[in-house]
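These notes are about the structure you will find just below.
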Amino acid sequence: MMAAALAHVGDMDARSVLVAARRGDASAQAAVFDAHKHQVAARILKMTGDAASVDDLVQEVFIAAFSALGSFRGEAQLDTWLYRITVNKVRNWWDAQRRRRRRESDPVMTRAEAPVTPEEQTQTAEHRARLYAALAELPGKYREAFVARAIENMTLAEASEALGVPVSTVSFRTRKAEALLCAALGLEVEPGK
Amino acid sequence: MSETDMQTFAVDPDEPAVHNAALLPFVEAARQQSARRLYLDAATVSKAWAQRRASKRRVLAVAVAAGLGALALGGLYGNRANEPSPTPSTTSSPAVAATDPTPSVQSPAPVPTPEATPEVAPPPVQLADAIRLTAAGDGPAPQYRIDGPYEVTVHAGATVVSVDDAAQPLVVHTPDADFEIHTGVTHVVVAGDVARVEVIEGTTFRITRDGGREQLGTVTAQVQPPKAKSPATDEGVTADMLADRAEQRLTAGDRNGAIKHLRQLVRKFPSSGAARTGLLDLARLLKADGHKAEARCAYQEFLNRHPRSSVVGEVERALDKLGEGQCRGLKPR
């Protein structure tokens, strides 16, 4: 109920909810959480491709957000601010995944984690798995630009605002990521590209 | 062209995100991921946030106390003319207080400087009469801080905690987890970030991340195990050591070796953080090794121990994928 209210109340009311959330008011925190949880969760899924990590990462994002609400000045949308927190948390997650994979060079572990339902055995699932495996090897800034532009389907301007970098930088990083991904996936580079 | 160079060029605002058509099926696959149910709720996040904030404040308080203590100690040593008198410590451990002159986190109150008058020192915090903390036999010397009549933080060492008909339960903080001792005798051993808690008798609960309570079973049989059954190599082993051993075996391609260490981990240190992830790793390895019944037990045990974990949904799905069958119990080796 409060979640819906947060989405529609005026700036002053929204700000008072954020102030209360920062103080630790459980109902205010619930309002912020409920208003944004699904969007944050969907983004995390697209950024990581790992459904099993979504809950933990959502929790990390909101804990960080509640702790840092004092630094939220309101120049940006709360949604954009949460996006940047999400990007940071997911970047840490990718780093941890990379370290973990290096430790566990056991293919059995990978197979044990692999989905087994018929639906998951489709080519789509295989493509997805290969793409995220390739994304894992990209530098964070290239991966983040590519995910925002290609997977989240943001325009250059939207990605620029979400990531806090110029449009030209988003464009460059996305192209760079695409080239690296094509190489990793063994895709032929199209003539002239 | 560098990223900096690129920023000076005009960009077509309508340029496609993906230029190579061969990459599009991969991108489409990623876009098609359907949102799954979120098991997390606002109350869980709020509690986790509050706990983390409290933890940070505790760390800050300890750092400040230690800093003040160090400053005061510097003052004491810097002024040899004033022979320092014994500093009353509200929380010193029996093994350490008599011999170790260095200030430690055991003392919540800053050590008074020679200039400070004892009259202005804050009154010492005392544990309730019904509660006693003592060193555990020949184990490492305990280091703890009394936070209140019914609250203590154990930083390191082996401590025997006795609670006898106290007006309220004793809350014990460790780097690993928090516990609530209602009555009886409990051993608390802290090494680094790992805490091992054994209930010798009485009632003790582990306080879960979401503020819930999980009662710990008594391990009276482990208090004085026959020497023959307690090989010297296992003495002093910690949860982290077992987790590391499991990882090493896994890296070496020895799945059975990893399973063996993980079994020990989840059996010997059920309340440790390492056992939490260890239980899931054990389940996956058992499943991969064809031990479906035991994998089912491991997943089920995780659900029993951590019913409010954020990955409960995933674990339940993993259980479903294992199909029908019975759990016949984990097999300690």
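The values are calculated or read from the model by the stated rules, or taken from the named source; none is laboratory data. Source: prediction; values computed, not measured. No Cβ is skipped: glycine too gets one built from the backbone with ideal geometry, and neighbour counts run over all protein chains shown.
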Within the stretch B:159-187, can you find the residues that are farther than 21 Å from residue B:273 by Cα and of a type in the set (Asp, Glu)? B:164, B:165
Selection over the stretch B:288-310 where residues are at the interface with another protein chain (Cβ under 9 Å from one of its Cβ atoms) and either touching a Leu at 6+ places or on another chain (Cβ under 7 Å) or surrounded by fewer than 21 Cβ atoms within 10 Å (Cβ to Cβ) (or both) yields a count of 3
With criteria (1) of a type outside the set (Phe, Trp, Tyr); (2) surrounded by 13 or more Cβ atoms within 10 Å (Cβ to Cβ); (3) modelled with pLDDT under 70, residue B:1 comes up short on (2)
Report, by residue number, each residue of the stretch B:281-333 that is modelled with pLDDT under 75 and on the phi > 0 side of the Ramachandran plot. B:325, B:329
In the set A:121, A:77, A:97, which member is in contact with a Pro (Cβ under 9 Å, 6 or more places away or on another chain) and at pLDDT below 90? A:121
Within the stretch A:140-169, restricting attention to residues that are without any contact (Cβ under 8 Å) to a residue 12 or more places away in the chain, of a type outside the set (Val, Ile, Thr) and in a helix (DSSP H, G or I), which residue is nearest to residue B:29 (Cα to Cα)? A:158
Yes or no: residue A:31 among the aliphatic types (A, V, I, L, M), modelled with pLDDT of 90 or more and in a helix (DSSP H, G or I)? yes
Among residues of the stretch A:170-187, those that are under 11 Å from residue B:18 (Cβ atoms), of a type outside the set (Ser, Thr, Tyr) and in contact (Cβ under 8 Å) with a residue 24 or more places away in the chain, counted: 3
From B:197, B:185, B:190, B:163, residue being among the β-branched types (Val, Ile, Thr), buried (at least 20 other Cβ atoms within 10 Å of the Cβ) and under 11 Å from residue B:131 (Cβ atoms): B:163
Cβ pairs under 8 Å, 6+ apart, first in the stretch B:239-268 and within 11 Å of chain A (Cβ to nearest Cβ) and loosely packed, with under 15 Cβ neighbours inside 10 Å, second part of a helix (DSSP H, G or I) and modelled with pLDDT under 80: B:251/A:103
Hey, residue B:266 hits all of (1) farther than 30 Å from residue B:42 by Cβ; (2) modelled with pLDDT under 85 but one; which does it fall short on? (2)
Kindly evaluate residue A:163 against the criterion of being aliphatic (A, V, I, L, M), under 17 Å from residue A:91 (Cα atoms), in contact with a helix residue (DSSP H, G or I) (Cβ under 8 Å, 6 or more places away or on another chain) and more than 9 Å from every other protein chain (Cβ to nearest Cβ). yes
Those residues that are within 7 Å of chain B (Cβ to nearest Cβ), within 15 Å of residue A:130 (Cα to Cα) and touching a Lys or Arg at 6+ places or on another chain (Cβ under 8 Å), I need them from the stretch A:166-191; list them, please. A:185
